[in-house]
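What follows is one structure encoded as structure tokens, with my remarks underneath.
The values are calculated or read from the model by the stated rules, or taken from the named source; none is laboratory data. As the structure is a prediction and not an experimental result, all values here were calculated from the model. Cβ atoms come from the backbone with ideal geometry, glycine included; neighbour counts cover every protein chain shown. The accessibility values were calculated without ligands, DNA or RNA, using every heavy atom of the protein model including side chains. Shrake-Rupley method; radii C 1.70, N 1.55, O 1.52, S 1.80 Å.
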Amino acid sequence: MKLVTSAQMRVLEERAVEAGVGLDELMANAGLNVAQEAWMQLGHLEERRIVVLVGPGNNGGDGLVAARHLAEWGAAVRCYALTARDDAQWQTTLEAGIPCGSVPEDDGFEALESLLQGAELIIDALLGTGQARPIAGDLAEVMGRLAAARERGLKPKLIAVDVPTGVDGDSGAADPLTVAPDETVTFQYPKVGLYTQPGAGLSGDVQTVEIGIPPGLDEGMAIELVERRDAKRLLPRRPADAHKGSFGKVLVIAGSARYPGAAILAASAAYKVGAGLVALATAESLIPSLVAAMPEVTFHPLPEHDGPDILGGDAADALRASLADYDAVVIGCGLGQAAATATFVRSIVQDERMASTRGLVIDADGLNALSGEAVWGEIGTPFVLTPHAGEMARLIETESGAVQADRLGIALGRAAAWDGHVVLKGANTIVAAPDGRASVSAIANAALATAGSGDVLAGAIGGLLAQGLDPFEAATLGVYLHGSAGERAARSVGTAGTTARDILEHVSLAGRSLAGEEPASGGSGGGLMGGLGGGGMGGGGGMDLGQAMGAGGPPGPESGLSGGGGGLPGLPGSEGGGSPGETP
């Protein structure tokens, strides 16, 4: 599924207008979809109390269109604007008999308080895509009261229009006053910030709806959310007449006395994604302790430099001649940070024989060895860098917080500058290509935040490179399988108890599922069929269809607005009479 930035969405709208679709038509479709999602949230609308918080721009216009539909369908709708509006959408809403008011009319925010206290559903149409300004002034007052309403015992449902107010649609950065909705209704394509932390965690259930932009206008927009069907298309073929050479050979250069497990995880992961042969190059003193853990792996014992497990020039000399024997190389996992080892890494990645491989994955201490080094143009094979935010910060000499604040921008920028592929790890991992393509993982799971998890990912990408996928495809599929394995491991052993070994053991199961080889479940009584018998639809003790559709709960306090057409009762200049607190 394609993701777009705020600028790209504006381009799409401009292209739609050029294709003959008016902006009013787009807004009408957007507002109708928001109204339909509100209906789904409440189940029925007759006399249900809905408040629409209206911003000054097109986002507010979408909210006003939704308000008119909801009122037509029987809801008791009230609109409350952040600033005074006198545009066509506002006037049409007044003419429809919907009570409307605004902050300038509401001394002390008393009417707003009454509205929010009586609301069963609130629509946040305050700030839309591209509105990344800090929340301050009157908007801060509105958001503070909205947050308080959402904290009460019988809290109203909340729908955000396009992006939640306070979330940057491009970076996912969020203002501290952002109020997380139950659902975000986003238009035509999801915005990048809805799938980038912390915005992804503050957007609720994201529903993407079409608003009438004709197909084929998204040329040049190359950011994708990686979903199951996308990953499935990338799976390497496994013909029945294949042999181990058919699936490629991987060389993993990893491990030290302190981090021997990194070598085990990376090499094993390359096998788990289907590589035909995996070899491990590591300090010769480590090999006896690793053989039992990986009997299927072959070894390149490397001479040690001036101390146990430290690799230097002698190790590089011993390994160079073998580089051409492998389809992919993974370097860096747990190698350590001795000065001699850093020199070893630089010597290997720049060796001319690397050009005979399909690609190189550089992880962990491999990245540390290259920090501050202008070596990218001297690597003679396609390469994939797999930094987390801290490692990326060291590579570009900044703070990790700065990386996290612009993950997509930094990943794409570095991929282009270095002419390589960047996998920026973390919640919703990003894969960036030098040609401007990017894939964003839909997965953010704390189970993946465990020591050794990155070694599994590096090995998986290397194993997929060896099978013939190009670097972008290998990185994208590797990220998907790694994330899916983490989710499976968390379901099996619990989020807090998941280790890198658990993730590793589930990588092949994630691939099995993606390939359609998942065994059929033998259980009964669960899922849809279990629900249809004895306690399902119409059965005793089950939820009936009306309950499933969310038929409304007990009524809350009465709305603070009354009357029809004109102003907000109780505010200066109102036409409708009454005062805050009266029944509509």
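Going by the conditions given, is Val167 in contact (Cβ under 8 Å) with a residue 24 or more places away in the chain, in contact with a strand residue (DSSP E or B) (Cβ under 7 Å, 6 or more places away or on another chain) and at negative phi?
yes
Could you say which residue among Val161, Val167 is within 26 Å of Glu47 (Cα to Cα) and open to solvent by less than 10 Å² (accessible area, probe 1.4 Å)?
Val161
For Leu469, are the conditions met, namely being in contact with a Gly (Cβ under 7 Å, 6 or more places away or on another chain) and either within 22 Å of Leu424 (Cα to Cα) or of a type in the set (Val, Ile, Thr) (or both)?
Spelling it out, it is not the case that Leu469 is in contact with a Gly (Cβ under 7 Å, 6 or more places away or on another chain) and either within 22 Å of Leu424 (Cα to Cα) or of a type in the set (Val, Ile, Thr) (or both).
For segment 480-497, which positions are touching a residue at least 40 places away in the same chain (Cβ under 8 Å) and open to solvent by less than 10 Å² (accessible area, probe 1.4 Å)?
If the condition is that a residue be touching a residue at least 40 places away in the same chain (Cβ under 8 Å) and open to solvent by less than 10 Å² (accessible area, probe 1.4 Å), then Leu481, Gly483, Gly486, Ala489 are the ones that fit.
When you go through Val440, Val431, Val422, Val507 one by one, which is the residue that is in contact with a Lys or Arg (Cβ under 7 Å, 6 or more places away or on another chain), in a strand (DSSP E or B) and surrounded by 24 or more Cβ atoms within 10 Å (Cβ to Cβ)?
So the residue among Val440, Val431, Val422, Val507 that is in contact with a Lys or Arg (Cβ under 7 Å, 6 or more places away or on another chain), in a strand (DSSP E or B) and surrounded by 24 or more Cβ atoms within 10 Å (Cβ to Cβ) is Val422.
So, Leu127, is that one touching a residue at least 60 places away in the same chain (Cβ under 8 Å), touching a Leu at 6+ places or on another chain (Cβ under 9 Å), part of a loop (DSSP other than H, G, I, E, B) and surrounded by 24 or more Cβ atoms within 10 Å (Cβ to Cβ) or not?
So Leu127 fits the description; yes.
In this structure, does Gly390 turn out to be in contact with a Lys or Arg (Cβ under 9 Å, 6 or more places away or on another chain) and open to solvent by 10 Å² or more (accessible area, probe 1.4 Å)?
No; evaluated as a whole, the condition is false for this residue.
Working only within segment 458-468, note down all residues that are surrounded by 24 or more Cβ atoms within 10 Å (Cβ to Cβ) and either polar (S, T, N, Q) or in a loop (DSSP other than H, G, I, E, B) (or both).
Gln467
Scan segment 37-64 for residues that are under 30 Å from the mean Cα position of the chain (by Cα), closer than 16 Å to Leu121 by Cβ and free of Cβ contacts under 8 Å to residues at least 60 places away in the same chain and jot them down.
Within segment 37-64, Trp39 is the sole residue that qualifies.
What is the residue count in segment 18-55 for residues that are of a type in the set (Asp, Glu) and in a helix (DSSP H, G or I)?
Of the residues in segment 18-55, 4 are of a type in the set (Asp, Glu) and in a helix (DSSP H, G or I).
Quick check on this structure: which one of Glu37, Glu47 is within 11 Å of Ile159 (Cβ to Cβ) and open to solvent by 30 Å² or more (accessible area, probe 1.4 Å)?
Being within 11 Å of Ile159 (Cβ to Cβ) and open to solvent by 30 Å² or more (accessible area, probe 1.4 Å) holds for just one of Glu37, Glu47, which is Glu37.
With respect to Lys157, is the statement that it is within 16 Å of Gly63 (Cα to Cα) and among the charged types (D, E, K, R) true?
Yes.
Restricting to segment 230-250, what's the tally of residues that are at pLDDT 95 or above, farther than 15 Å from Tyr271 by Cβ and basic (Lys, Arg)?
2
Could you please let me know if Asp363 is open to solvent by less than 10 Å² (accessible area, probe 1.4 Å) and of a type in the set (Asp, Glu)?
Here the answer is yes, as Asp363 does meet what is asked.
For segment 206-251, give me the residue count where each residue is of a type outside the set (A, V, I, L, M, F, W, C) and part of a loop (DSSP other than H, G, I, E, B).
So the count comes out to 16.
Would you mind telling me which numbered condition in (1) open to solvent by 40 Å² or more (accessible area, probe 1.4 Å); (2) touching a strand residue (DSSP E or B) at 6+ places or on another chain (Cβ under 7 Å); (3) of a type outside the set (Ser, Thr, Tyr) Ile223 fails?
For Ile223, the exception is condition (1).
Return the residues of segment 305-357 that are surrounded by fewer than 16 Cβ atoms within 10 Å (Cβ to Cβ), of a type in the set (Gly, Ala, Ser) and either on the phi > 0 side of the Ramachandran plot or in a strand (DSSP E or B) (or both); say none if nothing qualifies.
Gly307
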